[in-house]
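Structure first, commentary second.
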Amino acid sequence: MLIIHHLNNSRSQRILWLAEELGLEYDIVKHQRNPETMRSPESLCEVHPLGKAPVIEHDGNIIVETGAIIEYMTRKIANGRLSVEPDSPDFAEYLQWLHFPEGSVQGPLIFDLIYQWTEDANEALYGFYDAEIVRHQEYLEGIVKDRETIVRSGFTAADVNLAWTLEIAECRGRMEDYPSLREYLARMRARPAYERAIERGGPQDLSVFGKG
């Protein structure tokens, strides 16, 4: 049985979404953030030393890191569904978009949040990361303006990984100037599996990471 350790208002929401898209049977163990610090609870440290989510358990394996979890679930558990095989002409594009959210987009957005929480402590670093956020958003806007999904050939796990990161960008006030990205995110949220994941994982309130 697949067990998903789910931290409220976190990137583990997309692992629930992926499980729903794949039609997998799974159990959820829910963990709640400390409401004052917004850090993970000690219960996650009991699962894995890093104390972070998402974490999954399957066949005696405990796996962290969103990209690794997605690869494991699509290839090991779901026999390749919602991934792209190496002999496909879309394989390189799929790999790029699967890892782009965590590898490039997420970091500057988190710095943007920490900058706010530390009362604007480092203007030089903020200028650097602000420019990175704009660069990423403009790049993505140009990609999705003429396609329905991030990989042109159709919906994949890369869309699952990207959409939650765009939700963070949205709560940080970073989506207003990008109509195609807003439309893309709306399409992802309209998927029945997305809605089922919200119902099962509990309401998602990313306003705690919002601007202001």
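Does segment 130-158 hold any residues that are under 25 Å from residue 12 (Cβ atoms) and in contact (Cβ under 8 Å) with a residue 40 or more places away in the chain, and which are they?
If the condition is that a residue be under 25 Å from residue 12 (Cβ atoms) and in contact (Cβ under 8 Å) with a residue 40 or more places away in the chain, then 133, 137, 140, 144, 150, 151, 155, 156, 157, 158 are the ones that fit.
So which of 109, 50, 95, 82 ends up being on the phi < 0 side of the Ramachandran plot and touching a residue at least 24 places away in the same chain (Cβ under 8 Å)?
On the way: 50 fails: touching a residue at least 24 places away in the same chain (Cβ under 8 Å); 95 fails: touching a residue at least 24 places away in the same chain (Cβ under 8 Å); 82 fails: on the phi < 0 side of the Ramachandran plot.
Selected residue: 109, the only one of 109, 50, 95, 82 that is on the phi < 0 side of the Ramachandran plot and touching a residue at least 24 places away in the same chain (Cβ under 8 Å).
Scan 26, 72 and give me the residue that is aromatic (Phe, Trp, Tyr), outside the structural domain of residue 118 (by TED's automatic domain parsing) and touching a helix residue (DSSP H, G or I) at 6+ places or on another chain (Cβ under 8 Å).
26
If residue 37 satisfies every condition in (1) touching a helix residue (DSSP H, G or I) at 6+ places or on another chain (Cβ under 7 Å); (2) under 26 Å from residue 117 (Cα atoms) but one, which is the exception?
(1)
From 21, 71, which residue is closer than 25 Å to residue 155 by Cβ and surrounded by fewer than 18 Cβ atoms within 10 Å (Cβ to Cβ)? Please lay out each step first, then the result.
Working: 21 fails: surrounded by fewer than 18 Cβ atoms within 10 Å (Cβ to Cβ).
It is 71.
Which condition number does residue 5 fail, the rest of (1) in contact (Cβ under 8 Å) with a residue 60 or more places away in the chain; (2) surrounded by 18 or more Cβ atoms within 10 Å (Cβ to Cβ); (3) not in a loop (DSSP other than H, G, I, E, B) being met?
(1)
So which residues in segment 8-31 are outside any loop (DSSP other than H, G, I, E, B) and touching a Ser or Thr at 6+ places or on another chain (Cβ under 9 Å), if there are any at all?
14, 15, 18, 22, 29, 31
For (1) in a helix (DSSP H, G or I); (2) free of Cβ contacts under 8 Å to residues at least 40 places away in the same chain, each residue gets a yes or a no:
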| residue | (1), (2) |
| --- | --- |
| 160 | yes, no |
| 164 | yes, no |
| 169 | yes, no |
| 180 | yes, yes |
| 185 | yes, yes |
| 195 | yes, yes |
| 203 | no, yes |
| 211 | no, no |
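The values are calculated or read from the model by the stated rules, or taken from the named source; none is laboratory data. Just so it is clear, the structure is predicted and the values come from calculations on it, not from any experiment. Neighbour counts run over all protein chains shown; Cβ positions are idealised from the backbone, glycine included.
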